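Take a look at the structure set out below.
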Amino acid sequence: MDSFEWLNGYKVGFGLHHVDFTNPNRPRTPKYSAHFYYNIIRDNGFPLPDDEKMLSGHFRDDFIWSVATASYQIEGGWRADGKGLSIWDKFAHTPLRVFNDDTGDIACDSYNKVEEDVAILKQLKVTHYRFSISWPRVLPDGTTNHINEAGLNYYHKLVDALLAANIQPHITLYHWDLPQALQDIGGWENDTIVTKFRDYADLIFSRLGHKVKFWITINEPYNVANIGHGYGTAAPGISFRPGTLPYIVAHNLLKAHAEAWHVYNDKYRAEQKGIISITINSDWSEPRNPYKQEDYDAARRVVEFQLGWFAHPVYNGDYSEIMKTIIRERSLAAGLPKSRLPEFTPEEIKRIKGTYDYFGFNHYTTVLAFPVDYKNLQHYDADRGVGTIADRTWLDSGSAWLKVSPFGFRKILNFIKEEYGNPTIIITENGISERGAVDLNDVHRSYYYEKYINQLLKAYLLDGVDIHGYTAWTLMDNLEWATGFSERFGLFYLNHSDPDLPRVAKNSVSLYSKIIACNGFPDPASGHECLNPVTEESTVPPITDNAPVGFLGMGLSAADAETALNTTFALLIVAVFGAVCTSVGFLMAKKQSKKRQNVDSIKLEKTF
Ligand code: BGC
């Protein structure tokens, strides 16, 4: 406990317990470190928690194994064949908005590389491919007044090539590249966007719906609303009304999503028999100090303000009470006449509630939360009233915000199950980045996928979460929004120094395709054929539950393993040869030294 610290008196406390020296009873209160130390004693060290052990088992037989991209990040062809400009074209062409002033003008040139993209999808052996449609490529001014058939043909060509390869397309209608023409009249702030988005969706269903069974209306409305219109670090890059604009934009995004869902439901579902939903992203959040209730409350607010902002209206109807109360109270306290959070009418609540066929979910990382009082500031972070940090033991990635924390994946999946009525879930994104020197042996990515997908399996098998699919982010290195090409999330590396932009497999490709072939992580004792020795077709070693985490986790491909074995063998030969030479040399030297014994024995010994 804190005590008299010599020359420092009571100012410096070394104790596991705080002692109140102003109180004559000298009460002792355990600090966080006391609880921590208690756990070490109880566990007699640091045993591997159950949670970190690998689980054997597999997913449903009809599981969706997919990989994702987005139009602006990969397509290029920014002015090809009558395409209109998007807000990302404008944003990236504005100096200093994107790292290194990178743009998506060419990106991965997917607009001209359908065959190449489908070839690497086949190599991965995915059952589905998630990509997005560039709204201004199809509707250059954002409206159906003019349909750009050439642009639409690109998607026909892609969908046909996918179907020919037995890969199901999973199409996102909006992955952030709004037609600039619509931004010029207010973009997502102007509620006429709701019908414009509905008309765009209607057109796409009518043209592609007979071939496509999986749809996403809007990708990550949180990012559109808060990153694009609050922080302003994504297009359209607006940051001067952070207290109101993100909420208005979110309101219109929700209404637009609902209209697109209803069009599909009313006009196309019966005939086309597809499924359609919104994709929501969220971090998981833990209390920074698990012994503090206020940190628990802060952690809860992180999830309620990110996931709940959109999921609550879609699944439960209306915004959550937490958001409504906090934003109203803070608005009124700042002297505003009403809440900065817009209200839905009862009809709108009814129209939005239930507009899902599955829960589309993007997840990457976990944060540790604690309360922060932003006083009178009026913006999303101040409303949420939380500071976040990461645990220092979580592995880094190429993105400052992304720390490897697989346990949070299972936790947030359980949260979704409890909170939103056990919906069918499709993971529509999950993955990790690197930056700096290129190394195709992306051990961190193999590790990440193995651990995160195993947590998904635990959520499915042990917790009964209704998981139907998993999508890795992303197929190949591409334009990572405001960080340009510097952060690389791809399973395939894109060689920019070659004008053909070849797609080169990183080692994680073998690992992911192996998990796909095994439909999870079968018990080695099951003798599952996916565990058979390496052939040309499968290039990773068998997945074994008991394999040291480092083996599969290190993402060692069979080729790596073979190289490692060969190297070991070569080293062994050198060592044996060396030992023989040394012994022979030693004997000869000994003989010689005997001859010269009386001359310079000391010198001989030293030289030898
Ligand atoms: C987005 C992707 C993005 C990825 C990694 C998601 O927020 O949907 O477009 O590249 O995360 O940052």
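The values are calculated or read from the model by the stated rules, or taken from the named source; none is laboratory data. As the structure is a prediction and not an experimental result, all values here were calculated from the model. Every residue, glycine as well, gets a Cβ built from its backbone with ideal geometry; the counts of neighbours run over all protein chains shown. The protein model used for the area step is the full one, side chains on, heavy atoms only, and it has no ligands, DNA or RNA in it. Shrake-Rupley method; radii C 1.70, N 1.55, O 1.52, S 1.80 Å.
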| Accessible area per residue, 1.4 Å probe, Å², for the chain: what's the number? | 45
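Determine the share of segment 171-311's accessible area contributed by carbon and sulfur atoms, expressed in whole percent, with a 1.4 angstrom probe.
It is 52 percent, rounded to a whole number.
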| request: Past 29 Å, Cα to Cα, is the threshold; run 125/458; 255/403; 157/417 against it and keep the listed order. | output: 255/403; 157/417
| Give me the log10 of I(q) over I(0) for segment 175-282 at q = 0.18 Å⁻¹, as the Debye formula computes it from C-alpha points; what are the numbers? | -0.84
| note | The set of residues whose placed amide H lies less than 5 Å from the amide H of residue 168, leaving out same-chain residues fewer than 5 positions away, is 128, 129
| field | segment 236-308 versus segment 56-74: alpha-carbon centroid distance in Å | value | 21
| query | Which pairs break 24 Å Cα to Cα here: 53/411; 83/506; 11/375? | reply | 83/506; 11/375
| said: Rounded, prolate or oblate for segment 294-430? Axes are the square roots of the Cα gyration tensor eigenvalues, ordered a ≥ b ≥ c, and the cut-off for rounded is a/c under 1.5. | reply: oblate
| said: Starting from the Kirkwood Rh over alpha-carbon pairs, what translational D in µm² s⁻¹ does segment 6-47 have by Stokes-Einstein at 25 °C and 0.890 mPa s? | reply: 205
| message | What whole-number volume per residue, in cubic angstrom, does the convex hull of the C-alpha atoms of the chain give? | response | 253
| Cα-based shape type of segment 1-121, given that a ≥ b ≥ c are square roots of the gyration tensor eigenvalues and the cut on a/c is 1.5 | oblate
| remark: With the convex hull built on the alpha-carbon atoms of segment 108-261, volume per residue in Å³ sits at 111
| Which loop-located trypsin sites (Lys or Arg not before Pro) does segment 22-119 contain, where loop means any DSSP state but H, G, I, E or B and the Cβ has at most 11 other Cβ atoms within 10 Å? | 79
| query | Sorted by average packing, counted as other Cβ atoms within 10 angstrom per residue and highest first, what order do 32-39, 126-133 take? | reply | 126-133, 32-39
| note | For residue 150, the net charge from surrounding residues (Cβ-Cβ under 14 Å; K, R +1; D, E -1) works out to +2
| note | Once normalised by the length of the chain, the mean sequence separation of its alpha carbon contacts under 8 Å that are 6 or more apart gives a contact order in percent of 14
| note | Given 3-12, 336-345, the highest-first ranking by average Cβ count within 10 Å works out to 336-345, 3-12
| message | Run lengths n ≥ 4 of DSSP H only: what is the helix-derived mean residue ellipticity at 222 nm for the chain, with -39500 (n - 2.57) per run over all residues, to the nearest 500? | response | -12000 deg cm²/dmol
